[in-house]
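Below: one structure, written as structure tokens.
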Amino acid sequence: MSTRITNNTDKKAEPSSTDEFIKGLWRENPVFVQVLGMCPVLAVSNTAQNALAMGLATAFVLLMSNILVASLRNFIPKQVRIASFILIIATFVTIVDYAIQAISVDLHKNLGAFISLIVVNCLILSRAEAFASKNTIGKSIMDALGMGVGFVLALFCLGAVRELLGNGSLFDVAIFPESFQEWIIMILPAGGFFTLALWLIVFNYFKVKKAKG
């Protein structure tokens with residue numbers, strides 16, 4: 001008499017929509033954990049306004065491209081998927097470029113070529129390839145929102161610190177008294193590296209503390 005043995009393996013529960021959103025804010029933050037998109041992070045985060053504008057522009061492109069890629073994932077041939085993703089991303093970058101120029105010419109000049117460079121931002125392309133092309137529209141939206149908000153928060157953290165210490169202001173509003181000695185280095189390229197290193201230390205400290213606790 002043959003006996004049939006069945007092994008019951010516990011399958012991992014699929015992450016909920018909330019988990020897909022939260023991972024971009026904390027566990028897989030695009031800047032403080034994955035260290036992606038460093039070009040705009042270091043280049044345009046010299047003021048809070050520039051950082052926030054670039055973060056929102058990137059988040060918009062990420063969200064819209066994720067939606068479109070997820071919608072067309074069964075129709076895009078594998079052989080041309082990367083080229084197709086870049087074309088989709090470039091379309092939304094063009095929309096953002098014209099929108100920023102219409103809203104504020106000065107802001108458009110401050111961001112300069114970095115708006116166009118959103119097309120090759122590894123964060124957007126990686127989410128399209130690794131997530132949106134393999135998941136539903138709903139999950140892709142939550143993934144894009146989480147990663148986008150995480151990117152915006154990271155850029156704002158850098159921009160706020162650099163502007164406060166470099167200009168003594170926040171969003172061009174004076175915070176410190178006139179006697180405050182501005183740290184000019186903070187609004188220079190080197191200041192971006194110093195501020196990023198500082199935030200990485202702080203972020204990883206709390207991350208390790210949370211893991212232990």
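Residue check, LEU117 against (1) more than 24 Å from ASN29 (Cβ to Cβ); (2) in a helix (DSSP H, G or I), all met but one. Which one?
(1)
Each row is one residue, and each column tells you yes or no for (1) at pLDDT 90 or above; (2) within 14 Å of ALA48 (Cα to Cα); (3) among the aliphatic types (A, V, I, L, M).
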| residue | (1), (2), (3) |
| --- | --- |
| VAL105 | yes, no, yes |
| LEU123 | yes, no, yes |
| LYS134 | yes, no, no |
| LEU155 | yes, yes, yes |
| SER179 | no, no, no |
| ILE185 | yes, no, yes |
| PHE194 | yes, no, no |
| LYS207 | no, no, no |
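Among the residues of segment 60-78, are any under 23 Å from ASN204 (Cα atoms), open to solvent by 60 Å² or more (accessible area, probe 1.4 Å) and not in a helix (DSSP H, G or I)?
Checking segment 60-78: not a single residue is under 23 Å from ASN204 (Cα atoms), open to solvent by 60 Å² or more (accessible area, probe 1.4 Å) and not in a helix (DSSP H, G or I).
Picking from LEU165, LEU145, LEU123, LEU198, which residue would you name as being without any contact (Cβ under 8 Å) to a residue 40 or more places away in the chain, in a helix (DSSP H, G or I) and crowded, with 19+ Cβ neighbours inside 10 Å?
Criteria check complete, one pass: LEU165.
Return the residue satisfying two criteria in turn: it lies in segment 179-189 and is open to solvent by 60 Å² or more (accessible area, probe 1.4 Å) and not in a loop (DSSP other than H, G, I, E, B), and of such residues it is nearest to VAL41 (Cα to Cα).
PRO189
Looking at the structure I just gave you, is LEU111 in a helix (DSSP H, G or I), in contact (Cβ under 8 Å) with a residue 24 or more places away in the chain, open to solvent by less than 30 Å² (accessible area, probe 1.4 Å) and over 20 Å from GLN34 (Cβ atoms)?
So LEU111 passes the test.
Looking at PHE203, PHE176, PHE151, which is the one that is aromatic (Phe, Trp, Tyr), under 19 Å from the mean Cα position of the chain (by Cα) and either open to solvent by 60 Å² or more (accessible area, probe 1.4 Å) or over 24 Å from SER71 (Cα atoms) (or both)?
Going through PHE203, PHE176, PHE151 in turn, just one is aromatic (Phe, Trp, Tyr), under 19 Å from the mean Cα position of the chain (by Cα) and either open to solvent by 60 Å² or more (accessible area, probe 1.4 Å) or over 24 Å from SER71 (Cα atoms) (or both): PHE203.
The values are calculated or read from the model by the stated rules, or taken from the named source; none is laboratory data. Given the structure is predicted, the values throughout are model-derived calculations rather than measurements. Neighbour counts are summed over all protein chains in view; Cβ atoms, including those assigned to glycine, are modelled from backbone coordinates with ideal geometry. In case anyone asks, the SASA skips ligands and DNA or RNA and just uses the protein heavy atoms, side chains included. Shrake-Rupley method; radii C 1.70, N 1.55, O 1.52, S 1.80 Å.
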